[in-house]
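Have a look at the structure below, then the notes.
Read the figures in this text as sums done on the coordinates, not as results from a lab. All of these numbers come straight from a predicted model, not from anything done at the bench. Cβ: placed from backbone, ideal geometry, glycine included. Neighbour counts: every protein chain shown.
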Amino acid sequence: MISELVRSATILADVQATTKDAAIKELVQAASAAGIVPKKKVTALGKKVLDRESLGSTGIGNGVAVPHVKSEDVEKAHLVFGRVRGGLEWHAIDGRPVHILFFLVSPADAAEAHLRCLRWISMLARNGDFRRFCLDAGDDKALRDLLGEMVPKE
């Protein structure tokens with residue numbers, strides 16, 4: 001399941017946003033451009049992500065944020081992975097700027113799969129080598145290859 005998530009992931013090596021809200025919009029737009037969600041659902045999905053953020057920041061520390069939602073508009077879990085070279089204020093639990101974004105959108109009825117993906121992302125967020133390699137990776141392909149190396153045996 002996670003191997004498929006990585007294979008189909010949308011990778012943004014250079015997120016251009018300078019605010020959390022703009023980054024969320026960029027991630028959601030990338031999801032739409034990749035065919036993950038229909039264009040007519042972009043605004044609603046963006047609002048859902050922002051509503052989730054209002055419950056508590058998804059900035060989990062170590063320069064990583066994991067905006068995530070469940071949506072009836074997708075049939076399987078999807079990942080948009082983004083890197084923000086300059087960092088963004090995300091109100092992370094450690095107060096540090098965010099450089100690595102994992103936007104996860106899963107079907108509304110797939111709670112276990114959603115949690116499995118979040119556990120994997122959390123493991124990556126704690127891995128200092130992974131974070132460093134993400135920041136040093138040259139392009140989308142290098143980032144996808146790095147994510148692929150981190151797929152657990154299923």
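Comparison of R116, R96 shows that the only residue that is closer than 15 Å to M1 by Cβ, surrounded by fewer than 19 Cβ atoms within 10 Å (Cβ to Cβ), out of contact with any Lys or Arg (no Cβ under 6 Å at 6 or more places or on another chain) and touching a residue at least 12 places away in the same chain (Cβ under 8 Å) is R116. Against the test of being more than 13 Å from F103 (Cα to Cα) and within 13 Å of the chain's Cα centre (by Cα), the options A30, A13 yield a single qualifying residue, A13.
If the condition is being touching an Asp or Glu at 6+ places or on another chain (Cβ under 7 Å) and small (G, A, S), then the stretch 59-87 contributes only G61.
Test L101 against the stated conditions and say whether it is under 18 Å from Q29 (Cα atoms) and buried (at least 19 other Cβ atoms within 10 Å of the Cβ). So L101 fits the description; yes.
Looking only at residues of the stretch 5-19 that are of a type in the set (V, I, T) and outside any loop (DSSP other than H, G, I, E, B), we find that the one that is nearest to H114 (Cα to Cα) is V6. Quick check, is V74 in contact with a strand residue (DSSP E or B) (Cβ under 6 Å, 6 or more places away or on another chain), free of Cβ contacts under 8 Å to residues at least 60 places away in the same chain and under 16 Å from L5 (Cα atoms)? Criteria met by V74. Applying the criterion of being out of contact with any helix residue (DSSP H, G or I) (no Cβ under 7 Å at 6 or more places or on another chain) and of a type in the set (S, T, N, Q) to the residues of the stretch 15-57, the residue that is surrounded by the most Cβ atoms within 10 Å (Cβ to Cβ) is S57.
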